[in-house]
Amino acid sequence: MTDLPFTTERRGPILEVTLCKGKANAISAAEHAIALLMAQARNIPQAHNALVAGRWERKTPKSEVPPPNPVFDIKKVKGPTGVYTRVLKLLAGNVLGIVFTVVFVVGVSFAVVNLFATHNTGVEFFVDEEPNVARVMVSARGNMSAREALKLVEEVEREVLAVDGVDNVVTSAVPSGGDSSGSSSLSDGGEAPADLIGQLNVELVEYCCRRKAAEIFKEIRERTNFAGIKTEVREIQGGPPTGKDIQLQITTDNYARLLEITDKVRRHVDTVEGLRDVEDDRP
């Protein structure tokens, strides 16, 4: 495509190729292309320019050839990288090195497994961590109405809120008279204490700004030791609910004998140090 106005303005000749028997100047174009290739191969344009400039250069100008890629010399690598590359070449450069590497890797693997089996300290799926929340279970015996149960639970709530380190408390209360295992509507998924009348969901202050949770729970137990009310502080357990750490079950077909043995076991358990929140399901 030719820009006719531009070419005419500069008086450039415009030639038209006339087809002759269905052919154009294909042969002339091919010959011209071969001539250009030959001129470039023999450096004719460079020689012409030198002759016009008054120089007679007998030597053929050398074309610029990129230098070959440098050969990597492992001996020139210094420092820890050099040591690593030389050891790697030693191990991977011969059959003995490969065999030694395989034997070494297998031996180390067996040694690690053996050491783990010998000094295994067990696996903890739910680690003992500092809790941020807890539950206070409130139990009381007697045929109380919902208002009476709420009044007792509110007394416990006031004492819990007065403990340093407690941030928030959500209280729930129900009238007494549930089943023997306590009110299931307040249970946290585990076993609820007998005669349960209320539950306090306690949220502690951020860990950075309070004392240990064990100290807070201890103060809650001391402040809520009311006559006629039993309070139990429970940490939120990770994983499936399992209930108390120690559970004893006594079975017999003699009810009087059952009460006698249960009372004997309870008196003994009460004397064991390190146990707290002990309860039984006797009526």
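The values are calculated or read from the model by the stated rules, or taken from the named source; none is laboratory data. Just so it is clear, the structure is predicted and the values come from calculations on it, not from any experiment. So basically every Cβ, Gly included, is an ideal-geometry build from the backbone, and we count neighbours across all protein chains shown. Side chains included, ligands, DNA and RNA excluded: accessible areas come from the protein's heavy atoms. Shrake-Rupley method; radii C 1.70, N 1.55, O 1.52, S 1.80 Å.
Take the residues in region 227-243 that are open to solvent by 60 Å² or more (accessible area, probe 1.4 Å) and within 15 Å of M137 (Cα to Cα); name whichever of them is modelled with the lowest pLDDT.
Q237
Go through region 252-273 and count every residue that is more than 19 Å from A194 (Cα to Cα), part of a loop (DSSP other than H, G, I, E, B) and open to solvent by 80 Å² or more (accessible area, probe 1.4 Å).
Number satisfying all stated conditions: 3.
Listed residues R211, R276, R282, R221; which is at pLDDT 90 or above, of a type outside the set (S, T, Y) and in a loop (DSSP other than H, G, I, E, B)?
The conditions single out R211.
Do we find a residue being open to solvent by 80 Å² or more (accessible area, probe 1.4 Å), modelled with pLDDT of 80 or more and not hydroxyl-bearing (S, T, Y) anywhere in region 52-67?
yes
Taking helices (runs of 4 or more DSSP H) that fall entirely within region 78-172, which contain at least 1 residues that are open to solvent by less than 70 Å² (accessible area, probe 1.4 Å) and farther than 30 Å from E203 by Cα?
Of the helices (runs of 4 or more DSSP H) lying wholly inside region 78-172, those with at least 1 residues that are open to solvent by less than 70 Å² (accessible area, probe 1.4 Å) and farther than 30 Å from E203 by Cα span 79-92, 95-118.
With the requirement that a residue be over 30 Å from E155 (Cβ atoms) and either touching a residue at least 60 places away in the same chain (Cβ under 8 Å) or small (G, A, S) (or both), what does region 216-275 give you?
G238, G239, A256
Could you please give the count of residues in region 252-262 that are out of contact with any helix residue (DSSP H, G or I) (no Cβ under 7 Å at 6 or more places or on another chain) and either more than 13 Å from D281 (Cβ to Cβ) or modelled with pLDDT of 90 or more (or both)?
Number satisfying all stated conditions: 7.
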